[in-house]
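Right, one structure below, let's go through it.
The values are calculated or read from the model by the stated rules, or taken from the named source; none is laboratory data. In this text, all values refer to a predicted model and were calculated from it rather than measured experimentally. Counting neighbours? That spans all protein chains shown, and the Cβs are built from the backbone with ideal geometry, glycine included. Ligands, DNA and RNA are stripped out before the accessible areas are found, and what is left, the full protein with its side chains, is counted by its heavy atoms. Shrake-Rupley method; radii C 1.70, N 1.55, O 1.52, S 1.80 Å.
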Amino acid sequence: MKAVIMAGGEGTRLRPLTCTMPKPMVPVVNKPMMEHILDLLKKHDFHEIASTLWYMPEVIQDYFGDGSNYNVSIEYFIEPKQLGTAGSVKNAESFLDETFIVVSGDCLTDINLQFAVDFHRRKGALVTIVLTEVPNPLSYGVVITDEKGRIVRFVEKPSWSEVFSDTVNTGIYIIEPEALTQIPKNEKFDFSQDLFPKLLEQGAPLYGYTADGYWSDVGGLEAYRQAQYDCLSGQVKIELPEAQSSSIWIDIDADIADDVQITGPVYIGKDAKITSGCCIGPYTVISSCCQLDPGADIKRSVLWPHVKVGADSQLRGAVLASNACVGAKTQVYEGSIVGEKSIIGSRTIIEPNVKIWPHKQIAAGSRLSDSVVWGSHSESTLFTKDGIKGDIRTSLTPEKIVRFGLAYGAFVGRGGAVLVSSDGSELGRVAKRALISGLLAAGINVYDTGSVHGILARFGVSYIKVDGGLHCRTLVEQENSVNIICWDQHGYWLSKDEQRRIENLFLREDFPRVGAAEIGALAYVPKLAEQYIASAAKLYAPYLQGFRLKISGDEQELADLAGQFLTRAGCSIVRDDPELIIRIADQQWEIADPSGSALTDDQWWELFIYNQKLKSQDRVAVPVHVSNHVAKTAKQQNMEVVWTKTDPRVWMEIASELGNVRVDPESEIEYFPFIDPLVSIGEALSYLRQTGTTLDEIRFESTQNRAYKTVYCPWESKGRVMRSMISAADLETAEFLDGIRYYLDSGWALVVPDGDEPLFHVFCEAQTSEEADALAQVYADQIENFLLGGEA
């Protein structure tokens with residue numbers, strides 16, 4: 001059989017290591033990743049090889065040549081433009097006249113390829129996708145197979161609520177040549193996004209083979225460091241020189257002084273020179289021709305070829321690219337990268353996670369806490385479901401907020417406009433000023449609304465007609481923590497795709513730094529609250545005249561806004577003898593009758609449906625966690641419920657499409673019930689006034705027989721638990737819109753993995769509160785059982 005190595009990867013997430021070479025040429029234990037793949041192919045008797053190239057193709061061609069030095073034959077197929085994974089292989093079609101295997105040249109693996117080929121032949125497959133199980137499947141393509149191995153579903157780069165398995169696509173495929181006829185020529189076409197879903201829809205024999213062994217796509221800098229450690233610890237089988245002693249590998253002609261202390265696992269390459277007094281600690285890779293001066297102390301670090309380390313310098317968890325030079329008495333700390341041919345002056349301190357791009361010169365005695373020019377720092381996910389959150393002293397420092405402002409500015413585009421606000425707290429103001437600095441430096445015009453409530457900031461995006469909005473607030477429940485809420489140009493929460501784009505810009509620091517002539521302008525926006533109240537009240541004034549309301553609560557700013565809004569809409573705010581009581585807490589609200597009996601969330605949704613019926617709507621968007629009785633109410637009104645994910649962005653898009661929002665005909669501003677507390681109150685009150693009914697006169701279908709539980713689950717186990725939950729579910733009575741929703745004779749249950757915390761959420765409803773509690777416990781116990789390795 002022939003083999004294809006896809007080696008066109010640019011490796012943007014590995015910058016600055018890939019600034020001067022394509023990703024497959026990045027070394028792992030002194031060999032390019034692609035060479036390890038070549039070793040694996042030879043081990044399994046693949047000797048005729050095609051390599052698809054795009055980014056810096058000459059680097060790969062010059063290194064491997066025709067393959068004769070490696071006892072293989074290599075032909076190269078260079079893409080005229082980026083053609084995607086399938087398109088690149090189609091470009092090599094003239095070479096592929098028999099069953100062939102495709103392997104990514106920028107992964108690290110020791111999977112037994114022959115076992116996968118044998119599986120492919122036994123099944124008579126058109127395509128076999130080699131699969132593996134991973135702890136965190138969010139960055140991969142999740143693949144679901146039936147009991148015979150036939151593929152039934154793909155989910156590409158899922159959110160946690162879409163993680164139905166921990167079995168993912170490795171990018172290793174065994175393919176019959178006729179499958180190439182499904183790929184268009186000279187067009188961008190991807191295996192996982194285009195070809196495989198197409199074949200699945202056609203009913204083609206598409207199989208998944210779950211392989212044992214090690215696999216890593218080495219996608220980011222942290223994964224790159226981990227790959228080195230895994231090689232040294234023996235987790236992945238690669239070719240290494242003969243070990244000098246337990247877990248210490250020293251290549252030929254290495255020159256090591258007698259008193260050098262070496263604690264394995266350690267690799268030392270050919271012609272390396274390590275002088276007297278050096279200390280080499282565990283998980284260190286010292287590649288060919290490196291030179292360590294006396295007293296150098298290195299642990300958990302990776303040195304590429306020809307690196308020089310000065311006397312008495314310390315490296316801890318760092319990566320130094322080829323020909324980098326570190327001066328004497330310099331300290332380089334965890335997660336830092338020194339690019340190719342960069343020169344670091346003596347007595348310099350490079351703090352953790354600093355990236356220095358290639359060919360830079362750092363003056364002696366410097367202390368670097370920020371990347372030099374550009375960087376690529378692989379860190380935890382930037383966005384949570386509530387925007388960006390963190391401790392302003394550590395995880396979300398003002399410096400990082402400036403960087404986020406630059407990244408958001410690059411996302412919007414130079415010359416764009418962004419509204420920025422804060423809640424008036426000290427931390428909120430500090431965060432806002434840092435954001436403004438970053439945005440202005442990115443060439444963005446900034447509208448500062450001062451200190452306002454978040455609902456006003458969202459309104460301001462549409463009112464001022466800017467390209468996005470950012471609101472900074474203090475998290476009361478987390479001391480010293482800041483939350484930056486982010487909106488797009490419509491006043492919607494950012495989509496997952498938009499978040500990923502901004503996050504990539506942020507992590508790579510791939511954003512502009514404009515000159516003085518292009519710095520953005522700063523303008524102040526006064527009286528935004530007055531504009532919001534006037535605009536919103538105008539929509540509800542025809543329906544709310546004469547209500548006698550009492551407002552109570554501990555969120556004074558929102559309570560004041562509610563009072564002004566309702567007064568402007570024609571209501572009277574009273575202390576005694578109210579028709580209804582409006583209770584306000586932090587982002588929460590309730591409507592209660594004088595006896596104190598409050599409208600539940602589910603009952604509000606029923607009232608919302610009634611109000612939509614008054615507006616002649618026949619479809620209504622409802623989040624999937626809401627009571628199923630709401631659908632019964634809709635059916636009685638001859639309306640259809642369109643269930644949506646719990647993500648508010650998704651609900652906003654569908655509600656807008658269905659016409660479930662209030663729209664100002666003059667400004668075209670959309671006002672969203674469920675999202676905006678005051679608009680939610682307005683919707684409920686307007687129905688009561690238009691129909692002349694009171695809360696106790698409405699026959700609600702929804703009960704309070706609900707239960708809710710959270711179940712702890714480590715991140716690395718979430719995919720496995722979801723796969724087990726899917727396997728145990730009756731697919732005819734379950735749906736997978738957001739997590740898994742089970743429909744049962746006694747009620748329903750919804751199980752959703754949390755996207756921000758190591759938790760599962762369990763929502764249940766039944767005929768009685770006791771039954772709901774019992775049902776929630778059943779699914780909580782099931783999660784815990786699967787977490788402990790139990791079976792369905």
What are the residues whose amide H is under 5 Å from the amide H of ASP754, where those residues sit 5 or more places off or on another chain and H is modelled from the backbone? LEU759, PHE760, HIS761
Take every DSSP beta bridge with both residues inside the range 322-431 and express the antiparallel ones as a percent of the total, to the nearest 5. 10
Starting from the 7 Å offset along Cα-to-Cβ, what nm value, one decimal, do you get for the label separation of GLU178 and LYS635? 4.7
Give me the percent of the accessible area of the range 301-411 that comes from carbon and sulfur atoms, probe 1.4 Å, all protein chains in place. 50
Say each of SER369 and TYR712 gets a label point 7 Å from the Cα, pointing the same way as Cα to Cβ; how far apart are those two points in nm? 3.4
Nearby lysines by direct alpha-carbon distance to LYS299 (threshold 28 angstrom, same-chain neighbours under 8 apart not counted): LYS23, LYS31, LYS237, LYS270, LYS273, LYS308, LYS329, LYS341, LYS355, LYS360, LYS400
Hey, how many Å between the Cα centroid of the range 639-682 and the Cα centroid of the range 26-54? 53
Where a ≥ b ≥ c are the square roots of the eigenvalues of the C-alpha gyration tensor, would you call the range 724-792 rounded, which needs a/c under 1.5, or, failing that, prolate if a/b is larger than b/c, or oblate? rounded
May I ask you to order 469-480, 624-635 by the average number of other C-beta atoms within 10 Å around their residues, highest value first? 624-635, 469-480
So the FRET efficiency between ASP618 and ILE349, C-beta based with R0 = 60 Å and rounded to 0.05, is 0.35
Starting from 0.36 nm per residue, how many nanometres of slack lie between ASP259 and GLN704 once their C-alpha separation is accounted for? 152.7 nm
Can you pull the accessible area of MET56 for me, 1.4 Å probe, Å² to the nearest 10? 50
What is the sum of charges around TRP357, taking Lys and Arg as +1, Asp and Glu as -1, for the other residues whose C-beta is under 10 Å from the C-beta of TRP357? +1
When Lys and Arg each count +1 and Asp and Glu each count -1, what net charge do the other residues less than 9 Å away from ASN504, Cβ to Cβ, add up to? +2
Alpha-carbon centroids, the range 738-784 and the range 422-477: separation in whole Å: 37
Find how much the distance from GLU770 to PHE115 grows on full extension, using 0.36 nm per residue of separation minus their present alpha carbon separation; answer in nm with one decimal. 230.6 nm
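Computed FRET efficiency, Cβ-Cβ of GLU58 and ARG575, R0 60 Å: what is it to the nearest 0.05?
Between GLU58 and ARG575 the formula returns 0.15.
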Based solely on its DSSP helices, what 222 nm [θ] is calculated for the chain when runs of n ≥ 4 H residues each add -39,500 (n - 2.57) and the sum is averaged over all residues, nearest 500 deg cm²/dmol? -9000 deg cm²/dmol
For GLU579, solvent-accessible area (1.4 Å; no DNA, RNA or ligand), Å²: 70
Taking the simple approach of a point 7 Å from Cα along Cα-to-Cβ for both PHE95 and GLN202, what is their distance in nm? 2.3
Could you go through the range 319-329 in sequence order and give the Karplus-derived ³J(HN,Hα) for each residue, using 6.51 cos²θ - 1.76 cosθ + 1.60 with θ = phi - 60°, rounded to whole Hz, and x for Gly and Pro? 10, 10, 6, 3, 6, 5, 10, 10, x, 5, 6
In the chain, what % of DSSP beta bridges are antiparallel (nearest 5)? 45
In degrees from 0 to 90, rounded to the nearest 10, what is the angle of the helix 33-43 Cα long axis to the longest principal axis of the chain? 70
Out of the total accessible area of the range 39-107 (probe 1.4 Å, heavy atoms of protein only), what percent is carbon and sulfur? 44
Taking the alpha-carbon centroid of each part, what is the distance from the range 694-722 to the range 347-365 in angstrom? 51
Whole-Hz couplings from phi, Karplus 6.51/-1.76/1.60, listed for the range 686-692; x for Gly and Pro: 5, 5, 4, 5, 5, 9, x
Give me the extension gain from ASN785 to ASN71: residue separation times 0.36 nm, minus the current Cα-Cα distance, reported in nm with one decimal. 252.0 nm
What angle do you read, to the nearest 10 degrees and between 0 and 90, between the alpha-carbon axis of helix 113-123 and the longest principal axis of the chain? 60
Calculate, axis by axis, the spread of Cα positions in the range 12-107 along the three principal axes, and write the results as whole Å, longest axis first. 39, 30, 21
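Order these peptides, 609-619, 1-11, 254-264, by their mean beta-carbon neighbour count within 10 angstrom, highest first.
With the highest mean Cβ count within 10 Å placed first, the list reads 1-11, 609-619, 254-264.
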The local net charge around TYR214, scoring Lys/Arg +1 and Asp/Glu -1 for residues other than TYR214 whose Cβ lies under 13 Å from its Cβ, equals -4
Just to verify a number: what accessible area does ARG513 come out at with the full protein assembly present, 1.4 Å probe, Å² rounded to tens? 120
Output ³J(HN,Hα) for the range 382-387: one whole-Hz value per residue in order, computed from phi by the Karplus curve 6.51 cos²θ - 1.76 cosθ + 1.60 with θ = phi - 60°, and x for Gly and Pro. 6, 8, 10, 5, 9, x
